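Structure first, then comments.
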Amino acid sequence: MVGCRKDPTMYDGPIATPYHLVLPAWVHDSIGPMPMNEALTVEGVELGRKLFYETALSDDGTMSCATCHKQEDGFSDIRRFSVGTDGSVGNRNAMAIVNLGWSNNLFWDGRRNSLEGQAHDPVTNPIEMRNTWPVVAERLRAIPGYFERFTAAFGSPEIDSTRVTRAIAQFERTLVSFNSPFDRYWYGGDTNAIDPSAKRGLAIFRARGNCSRCHTLGNFTDDHVRNNGLDLMPEDPGLGEVTNLPTDFGKFKTTTLRNIAVTPPYMHDGRFSNLLAVVQFYSSHTAHNSPNIDTVMHHFPTTGNAFTWDEQMDLISFLGSLTDETFLTNPAFAAP
Ligand code: HEC
Ligand code: HEC
């Protein structure tokens, strides 16, 4: 391999250690293997974790990714809108980071197709971290330990935006959540893992409620960008702003429902502060004449309620059974 080296004087560090992502056996059949842009390594994941919690990424050194994506809140922001380092307020809710290794549509409007690409944006976003990549790289070079960490992860000490985002994406791929009471019941065969109300809710979710037609069992998302009829006239164009196609107007990502009970508020603009409001929206308030409404939404009622009060409670119990305490408290995901 010596002949392939571009620069023979360049220091070649140690070969990084392969990272074995442990997934339950059923995941392979139900969801499929996690697509990888590069092999995960122990050193790459560890560097990514450090960078995820690194405040030097923001202009004034006060904000890290974790400021808006908190582990105990399923790596989401429970504020309706996140606030940038200069106090500016955005117009979308920060979504959860869970099982995103399978996602090809990142952000509410699906404008990024990889975790690596996504991680570029918050750093330079003028209402988020408000920084530039050359400044980030310069700062990281000045912090003791980073040269060694980049060398361990990537074989040489260069620090740039590509490597920072590659490392963060490696860490994000390890943020997998498959140990909720629902998982123990459905995939693990533990009949007592969820209560009768959650079981009734699951039945509605899968059949009459039509929920699983978009929030597909497994990751509880089909990773598509759709219009679920929130508004007759959507204020935020969603995917339409990205593609400029009228047929994409008002379409947003079907987000995962894993850990949904701990990631309020809900929808792209955080308009619903609790799950009761979400369930009541689907029960009776869907805007059927919204442009580009998804055809699945035609099964939702135009008048009256799809779900009785008791059924609404059952759906909420079921959604609560998707909370994975081991994910929310896993020390491997916490600030290093
Ligand atoms: C100021 C708050 C804030 C910071 C800091 C921030 N984010 Fe976000 N994040 C958001 C918001 C808001 C969205 C949704 C924005 C949108 O859809 O337009 C989002 C979306 C995401 C998504 C998309 C999830 C999905 O399901 O598609 C990922 C992944 C993500 N952020 C990772 C990161 C990473 C990595 C960092 C650090 C480099 C970071 N975020 C920093 C607020 C923030
Ligand atoms: C046509 C596809 C579709 C169907 C059917 C559907 N959803 Fe959704 N769901 C979406 C989309 C798309 C979003 C995000 C919409 C937005 O924010 O603009 C969403 C958002 C949500 C959210 C909020 C997620 C978050 O992170 O804020 C919850 C909770 C939810 N749906 C539950 C359900 C339940 C329960 C049902 C069945 C009663 C259901 N959904 C049926 C597509 C669907």
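Within this structure, ALA137 passes the test of being assigned by TED's automatic domain parsing to the domain that holds PRO157 and assigned to a helix (DSSP H, G or I). The number of residues in region 69-93 that are closer than 17 Å to PHE171 by Cβ, within 14 Å of ligand 2 (Cβ to nearest atom) and touching a strand residue (DSSP E or B) at 6+ places or on another chain (Cβ under 8 Å) comes to 2.
Identify all residues within region 152-167 that are within 24 Å of the chain's Cα centre (by Cα) and among the polar types (S, T, N, Q); write none if there are none. If the condition is that a residue be within 24 Å of the chain's Cα centre (by Cα) and among the polar types (S, T, N, Q), then SER161, THR162, THR165 are the ones that fit.
Close Cβ contacts (under 7 Å, 6 or more residues apart or on different chains) running from residues in region 37-66 that are of a type in the set (Phe, Trp, Tyr) to residues that are open to solvent by 50 Å² or more (accessible area, probe 1.4 Å) comprise TYR53/ALA335; TYR53/PRO336.
When residues in region 120-152 are screened for being surrounded by fewer than 23 Cβ atoms within 10 Å (Cβ to Cβ) and more than 15 Å from ligand 1 (Cβ to nearest atom), 13 of them pass. The residue that is farthest from ligand 2 (Cβ to nearest atom), counting only those in region 206-220 that are open to solvent by less than 30 Å² (accessible area, probe 1.4 Å) and part of a loop (DSSP other than H, G, I, E, B), is GLY218.
Listed by position, the helices (runs of 4 or more DSSP H) enclosed by region 20-90 that each have at least 2 residues that are more than 16 Å from ligand 1 (Cβ to nearest atom) and over 19 Å from HIS120 (Cβ atoms) are 25-30, 42-52.
Looking at region 179-225 only, could you name the residues that are of a type in the set (Asp, Glu) and farther than 20 Å from ALA96 by Cβ? Hits for region 179-225 are ASP190, ASP195.
With the condition kept exactly as written, say whether any residue in region 272-280 is β-branched (Val, Ile, Thr), modelled with pLDDT of 95 or more and touching a strand residue (DSSP E or B) at 6+ places or on another chain (Cβ under 7 Å). Give the derivation first.
Initial filter on region 272-280 (β-branched (Val, Ile, Thr)): 278-279.
So of that shortlist, the ones also modelled with pLDDT of 95 or more come out as 278-279.
Imposing the further condition that a residue be touching a strand residue (DSSP E or B) at 6+ places or on another chain (Cβ under 7 Å) reduces the set to 278.
Looking through region 272-280, at least one residue is β-branched (Val, Ile, Thr), modelled with pLDDT of 95 or more and touching a strand residue (DSSP E or B) at 6+ places or on another chain (Cβ under 7 Å).
The residues of region 179-203 that are in a loop (DSSP other than H, G, I, E, B) and either modelled with pLDDT under 95 or under 26 Å from the mean Cα position of the chain (by Cα) (or both), listed by number, are ASN179, SER180, TYR187, GLY188, ALA193, ILE194.
The lone criterion from (1) surrounded by fewer than 21 Cβ atoms within 10 Å (Cβ to Cβ); (2) touching a residue at least 24 places away in the same chain (Cβ under 8 Å) left unmet by ALA167 is number (1).
The values are calculated or read from the model by the stated rules, or taken from the named source; none is laboratory data. All values derive from a computational prediction rather than experimental measurement. All Cβ positions, glycine included, derive from the backbone under ideal geometry; neighbour counts span all protein chains shown. Side chains included, ligands, DNA and RNA excluded: accessible areas come from the protein's heavy atoms. Shrake-Rupley method; radii C 1.70, N 1.55, O 1.52, S 1.80 Å.
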